[in-house]
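Right, one structure below, let's go through it.
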Amino acid sequence: GQNIDQPTEMTATEGAIVQINCTYQTSGFNGLFWYQQHAGEAPTFLSYNVLDGLEEKGRFSSFLSRSKGYSYLLLKELQMKDSASYLCAVRETDSWGKLQFGAGTQVVVTP
Amino acid sequence: DVKVTQSSRYLVKRTGEKVFLECVQDMDHENMFWYRQDPGLGLRLIYFSYDVKMKEKGDIPEGYSVSREKKERFSLILESASTNQTSMYLCASSSPQGATFDEQFFGPGTRLTVL
């Protein structure tokens, strides 16, 4: 089984940077996903890390340290439309692609 | 453009009714999943299927069953709906683990209320 922890809520100002941390415990790690979910909508895929290091995709970056069971999602140059819930999800080996999700971090961007 | 569709966005049912939630994907994905999402609990896996007619229990299968007669369609069945099954239900699909792009794609969700 897995325990996945991420903060419940974070608030930041438009134009700022926010870092959402995710820690996990798993018996056989095979990838970590970040999803974005706007209120009332489906989650949409943001990033995937399976090796240690930083993956950058425009204003969003995701980092992974497998030895520490730790990942973060970095949102730069925040825009109002970035107000959403951000979900961390871990996949185990031999799991048929199943994901275990954290409870999500609600990011509120203020003017 | 990849697409996962669900039969209803909103559904209201009475306690004891049999409820069918349908999910269809047009990406020829092998894997399909049913989750429920509740505040503070995140997404929890109910059932998943890795092939036609194949199904596996997720973390919270009690009170639910599933059917996958065709590759593109995965149905969630509440045999006798109860108020504690009021929730947002999300369907997802993906390529097999290890495929080049194997992230899960989600449908828009069905908000089910059981009275």
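The values are calculated or read from the model by the stated rules, or taken from the named source; none is laboratory data. Predicted model, so just to flag it, every value in this text is computed and none were measured. Note that we place each Cβ from the backbone using ideal geometry, even for glycine, and neighbour counts take in every protein chain shown. Surface accessibility is based on the protein's heavy atoms, side chains included, excluding ligands, DNA and RNA. Shrake-Rupley method; radii C 1.70, N 1.55, O 1.52, S 1.80 Å.
Among (1) surrounded by 19 or more Cβ atoms within 10 Å (Cβ to Cβ); (2) closer than 28 Å to A:VAL90 by Cβ, which single condition is B:VAL19 missing? Unmet for B:VAL19, out of (1) surrounded by 19 or more Cβ atoms within 10 Å (Cβ to Cβ); (2) closer than 28 Å to A:VAL90 by Cβ: (2).
Going by the structure shown, is A:TYR48 open to solvent by 30 Å² or more (accessible area, probe 1.4 Å) and in contact with a Cys (Cβ under 8 Å, 6 or more places away or on another chain)?
Numbers: open to solvent by 30 Å² or more (accessible area, probe 1.4 Å): yes; in contact with a Cys (Cβ under 8 Å, 6 or more places away or on another chain): no.
Here the answer is no, as A:TYR48 does not meet what is asked.
Note on the range B:1-20: residues that are touching a residue at least 12 places away in the same chain (Cβ under 8 Å), over 14 Å from the mean Cα position of the chain (by Cα) and assigned to a loop (DSSP other than H, G, I, E, B) amount to 7. Going through B:GLU17, B:GLU56, B:GLU72 one at a time, which residue ends up being at the interface with another protein chain (Cβ under 10 Å from one of its Cβ atoms) and either farther than 22 Å from A:GLN37 by Cα or among the small types (Gly, Ala, Ser) (or both)? Step by step, each of B:GLU17, B:GLU56, B:GLU72 is checked, and only B:GLU56 is at the interface with another protein chain (Cβ under 10 Å from one of its Cβ atoms) and either farther than 22 Å from A:GLN37 by Cα or among the small types (Gly, Ala, Ser) (or both). Based on this model, can you work out whether B:SER82 counts as in contact with a His (Cβ under 7 Å, 6 or more places away or on another chain) and surrounded by fewer than 20 Cβ atoms within 10 Å (Cβ to Cβ)? Answer is no for this residue. Here A:THR8 meets each of (1) within 21 Å of A:THR110 (Cα to Cα); (2) open to solvent by 60 Å² or more (accessible area, probe 1.4 Å); (3) away from every other protein chain (no Cβ under 14 Å) with one exception, condition (3).
Considering the range B:31-70, the residues that are crowded, with 20+ Cβ neighbours inside 10 Å, farther than 23 Å from A:SER85 by Cα and touching a Pro at 6+ places or on another chain (Cβ under 8 Å) include one that is modelled with the highest pLDDT, namely B:TYR47.
All conditions in (1) in contact with a Leu (Cβ under 9 Å, 6 or more places away or on another chain); (2) assigned to a strand (DSSP E or B); (3) within 11 Å of chain B (Cβ to nearest Cβ); (4) open to solvent by less than 70 Å² (accessible area, probe 1.4 Å) hold for A:ALA42, with the sole exception of (2).
Would you confirm whether any residue within the range A:56-71 is under 25 Å from B:TRP34 (Cα atoms), in a strand (DSSP E or B) and either out of contact with any Leu (no Cβ under 6 Å at 6 or more places or on another chain) or not hydrophobic (A, V, I, L, M, F, W, C) (or both)? Working first, answer last.
First, pick out the residues of the range A:56-71 that are under 25 Å from B:TRP34 (Cα atoms): none.
The answer is no; no qualifying residue exists.
Could you please give the count of residues in the range B:21-63 that are small (Gly, Ala, Ser) and in a strand (DSSP E or B)? Counting residues in the range B:21-63 that are small (Gly, Ala, Ser) and in a strand (DSSP E or B) gives 2.
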